[in-house]
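In what follows, a single structure is set out as C-alpha cells and then discussed.
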Amino acid sequence: MHAYSIMDPVWISLQNKQQVHNLANGVEIGDFCVQCHSPVAALTDLVENHTELSAEVINTFPPQVKEGVTCDACHLTTHLPDPTNISIVNHDYETVDFKLYSGDTRYGILDDPIDNDFHNSVYHPGYDKSEFCQNCHNLTVDERNAEITQFEWEGTAFQAMGMECQSCHMPTYAGQATVDGPERDNLHRHFFPGIDEALIDFPGKTEQRQAIEDLLQSAAEINFFDTPPDTITAGIVWNAKLIVSNNTGHNFPSGTTFPRQLWIELIATIGNDTLLASGRLNADGNLLDFYTDPGNELDPQLHMFNTILFNAEGDSGLLVVSIENMVAMTDRTLPVSGSRTVNYSINIPAGIAGELLVSARLRFRSFPPFYLRHLNLESLIGNVNIFDVDILTEMIYVSSS
Ligand code: HEC
Ligand code: HEC
Ligand code: HEC
Ligand code: HEC
C-alpha cells in the first residue's frame, strides 16, 4: 500500500478536488497531501500543478516519486519523528516531520547486516517502534483529533505488551532479506495490510488480499450481549442486543475513517417470512445510510461504526467536508480495547410459529460506491471487496402461544 500511495486513483482524484475546492476559497494547501503520499515528491518540490495531477503526469516522474512511500522514505530515517499537526488558522499545511538524512547509509532492524556494494547498512533500534510511523499515521488539525492511529494505540494494553504497529502490520517470516543473503528467521513482511487494496492493476494484489483476510480474521467479534432464550412466544417485539468487540491495536476503523464502512448486516427470518433485514445493500451497492436515505426511513435500525466530519458552517459528511476543513468529528468507531452494544427490535407477529433464524455479519469495505461515483471513479466500484470480519447465527424456537 505504501508503493501504491501516489498511484492510488482515489487519492489522485480527491487530491485534485481538494486543491480546487480550497483555491476557490483562497487557500493554497500545496504539498499537503503529497508529503505523506510521496515524501520524495514533496521534499524535492516536484509537483508544479497540484490541481491537475493524473496517472499520466505521475508516470513522467522519477521512480523514487512514483513509488510513493518508497523504501528510502523509511530506511533513511535516523530519529523517531513527531506526529503531524496542521493549522488551518495559520494556513500551515506542510508540516510532516521527516528525519531523513541522505547519504550512503540505510538503517534497519537487522543487527548483523551483510556488507554490500550499494549502501552501508546500520542497525537502528527505533525501527520496531510504533513512533516510527507517527509522522504519517497521526494527524491533528489545529490540535483536534483527525487521523490518530498512534494516539489511539498509546497507553493501551497493546503498548504495555510490546505489540507495536509492526507486530501486527509487519508479521515475521523466515527467509532471505536479499538475494544470496543468509537464511534468517526474523524478517518482516512489507504488505502493510489494513483494508485497502489496489483498485487498479498493481503488483502483489493476490498476496495483499490474503494478508488483509488474515489480519481481519480476529480483528473484531460479534456476540449476543445476553444468552438468547431457547423459545419466544409470538406476538412480541424481541429486543436482540449485540456486542461488537474490537481486538485491533487502535480504533476500528482507524486513520482515514470517514470513507470506511464497517457495519452489521442482520437478517431475521421464520421460514419464508423475513422479520427484519438490516444492513443490506441496494441495487447500486450502497447501504441505506444517511447518504442514500437522508430521512433514515428505509433501514432505520442500521448500525455503522464510522466517523462524520463537520466544517465550520456545520455541514457534514464525506461529500462536503474534507480533513483539512474539519472543525469537528463525530466518532462511532469501535474504541480500542473496547466494544459497542447495539439493539435490534424484531417484531414477531402473533400467530406465527417455527424456527426464528437470526444471522448477523460484521462487514467491512474501504469505500462505498456513491463515494467512488462522486470522485468520477465509477469504473473501479466493482474492484472493492467486502470482507466479513465475523459471523453470528442463532436459532430460536417461536411458539404461537
Ligand atoms: C499526515 C499524512 C497524510 C496527509 C497530509 C494526507 N494523507 Fe492521505 N493517508 C495517509 C495515511 C497514513 C493513510 C492510510 C490510513 C488508512 O488507511 O486509514 C491515508 C489514506 C488516504 C486515502 C485512502 C486511500 C485508499 O485507497 O484507501 C485517501 C483517499 C487519502 N489518504 C487522500 C488524501 C488527500 C486527498 C490528502 C490531502 C487533502 C491526504 N490524503 C493527506 C496520510 C496522509
Ligand atoms: C494488535 C494488532 C494491531 C496493532 C498493534 C496495530 N494494528 Fe493497525 N490494524 C490492525 C487490524 C486488525 C486492522 C484492520 C481493522 C481496522 O481497520 O482497524 C488494522 C488496520 C489499520 C489501518 C487501516 C485502518 C482503516 O480502517 O483504514 C491502518 C492505517 C493501521 N492499522 C495502522 C496502524 C498503526 C500506525 C499502528 C501503530 C500505532 C497499528 N496499526 C497497530 C491491527 C493492529
Ligand atoms: C513504511 C516504512 C517502510 C517502507 C516503505 C519499507 N520498509 Fe523495510 N522495514 C521497515 C521497518 C519498520 C522494518 C523493521 C520492522 C520491525 O523490526 O518490526 C523494516 C525492515 C526491513 C529490512 C530488514 C529485514 C526485515 O525484513 O526485517 C529490510 C532489508 C528492508 N526493510 C528493506 C526494505 C526495502 C528494500 C523496501 C522497499 C522495497 C522497504 N524496506 C520499504 C519499514 C519500511
Ligand atoms: C511517509 C509516510 C508514511 C510512513 C512513514 C508510514 N506510512 Fe503507512 N501509509 C502511508 C500512506 C500515505 C498510506 C495510504 C496509501 C494509500 O492507500 O493510498 C499508508 C498505508 C498504510 C497501511 C494500509 C492502510 C489501509 O487502509 O489498508 C498500513 C497498515 C500502514 N500504512 C502501516 C504503516 C506502519 C506500520 C508504518 C510504520 C512502520 C507506516 N505505515 C509508516 C504513509 C506512511
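The values are calculated or read from the model by the stated rules, or taken from the named source; none is laboratory data. Just so you know, these numbers come straight off a predicted model, no measurement behind them. Ideal geometry is used to build each Cβ from the backbone, glycine not excepted, and the neighbour counts take in all protein chains shown. Note: areas computed on protein heavy atoms with side chains; ligands, DNA, RNA excluded. Shrake-Rupley method; radii C 1.70, N 1.55, O 1.52, S 1.80 Å.
General observations
- Across K66/K129; K66/K99; K66/K205; K99/K129, pairs whose alpha-carbon gap is larger than 25 Å: K66/K129
- Centre-to-centre separation between the Cα atoms of region 182-233 and those of region 361-401: 15 Å.
- Carbon + sulfur, % of accessible area of region 1-72 - ligands and nucleic acids excluded, 1.4 Å: 55 percent
- In region 180-286, Cα pairs under 8 Å separated by at least six residues give a relative contact order of 15 percent.
- Residues of the chain: accessible area per residue with a 1.4 Å probe, Å²: 49 Å²
- Note on region 9-216: antiparallel DSSP beta bridges, both residues inside, total approximately 60 percent of the bridges counted.
- For region 89-179, with all protein chains in place and a probe radius of 1.4 Å, 50% of the accessible heavy-atom surface sits on carbon or sulfur.
- Rg over Rh for region 1-116 works out to 1.02, using Cα positions for both radii and the Kirkwood form for Rh.
- Taking the C-alpha atoms only, the angle from helix 9-24 to the longest principal axis of the chain is near 80 degrees.
- Percentage relative contact order, region 79-149, counting C-alpha pairs under 8 Å, at least six apart: 38 percent
- A Förster radius of 51 Å combined with the Cβ-Cβ distance from N311 to A55 puts the calculated FRET efficiency at roughly 0.95.
- Taking the average, over residues, of other Cβ atoms within 10 Å as the packing measure, peptides 6-12, 294-300 rank 6-12, 294-300 from highest down.
- Helix-derived mean residue ellipticity, 222 nm - over the chain, DSSP H n ≥ 4, -39500 (n - 2.57), to 500: -4500 deg cm²/dmol
- Computed over all pairs of different Cα atoms, the Kirkwood value for the hydrodynamic radius of region 205-256 is 14.2 Å.
- The fraction of accessible area contributed by carbon and sulfur in region 257-386 is 47 percent, rounded to a whole number (1.4 Å probe; ligands and nucleic acids excluded).
- Averaging 1/r over every pair of different alpha carbons in region 220-399 and inverting the result gives a Kirkwood radius of 17.7 Å.
- Working from Cα pairs under 8 Å separated by at least six residues, relative contact order for the chain is 15 percent.
- Principal-axis tilt of helix 205-216 within the chain, Cα atoms, nearest 10 degrees: 60 degrees
- Radius, Kirkwood style, for the chain when every pair of distinct Cα atoms is counted (Å): 23.4 Å
- Cα gyration tensor shape for region 154-208, rounded if a/c is under 1.5, else prolate or oblate: oblate
- The Rg/Rh ratio for region 9-216 is 0.97, where Rg is the radius of gyration of the alpha carbons and Rh is the Kirkwood radius.
- Annotation for region 84-102 versus region 1-40: alpha-carbon center distance of 14 Å.
- Isolated cysteines in the chain, defined as those with no second cysteine Cβ under 4.7 Å, comprise C33, C71, C74, C133, C165, C168.
- Stretching the chain fully between Y397 and M163 yields a gain of 79.9 nm (0.36 nm per residue, less the alpha carbon separation).
- From most to least packed by mean Cβ count within 10 Å, the peptides 128-134, 179-185, 352-358 give 128-134, 352-358, 179-185.
- Highest mean packing comes first when the peptides 278-286, 254-262, 212-220 are listed by Cβ atoms within 10 Å, giving 254-262, 212-220, 278-286.
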